[in-house]
Amino acid sequence: MSVNNQANAALASALAPSANGFSAAEKNMLSQLSGPDRARMEAQLALQKQQETVAFISNMMKKLNEIAMSVINNLK
């Protein structure tokens with residue numbers, strides 16, 4: 001399996017939980033809240049998941065760049 005295929009597979013598996021909404025623990029926590037508190041917590045959890053996703057993708061892109069640069073430097 002190529003590096004890109006491995007990266008794509010890792011990305012897909014990492015993004016799957018956030019695409020499916022909240023985890024069971026998060027849903028349990030949200031069920032204890034109501035009104036504006038619940039809305040705030042849902043927004044906070046969604047923002048946190050988005051930040052984690054962006055950080056993960058950024059790290060993956062950085063690693064892929066490091067691998068590519070390593071190959072290029074080895075060719076010199």
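The values are calculated or read from the model by the stated rules, or taken from the named source; none is laboratory data. A quick note: this is a predicted structure, and the numbers were derived from the prediction, not measured. Every residue, glycine as well, gets a Cβ built from its backbone with ideal geometry; the counts of neighbours run over all protein chains shown.
Summary of values
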| quantity | calculated |
| --- | --- |
| Candidates N59, N8, N4, filtered to the one that is at pLDDT below 90 and either under 15 Å from the mean Cα position of the chain (by Cα) or at positive phi (or both) | N8 |
| Cβ-Cβ under 7 Å pairs, at least 6 apart or on other chains, region 36-55 side in contact (Cβ under 8 Å) with a residue 24 or more places away in the chain, far side in a helix (DSSP H, G or I) | K49/S18; T53/L15; T53/S18 |
| Single unsatisfied condition, E26 versus (1) surrounded by 12 or more Cβ atoms within 10 Å (Cβ to Cβ); (2) more than 30 Å from Q6 (Cα to Cα) | (2) |
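Residue-by-condition table, conditions (1) touching a helix residue (DSSP H, G or I) at 6+ places or on another chain (Cβ under 6 Å); (2) closer than 22 Å to A9 by Cβ:
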position	(1), (2)
S23	no, yes
M29	no, no
D37	no, no
Q44	no, no
K49	yes, yes
E52	no, yes
F56	yes, yes
M60	yes, yes
K63	no, yes
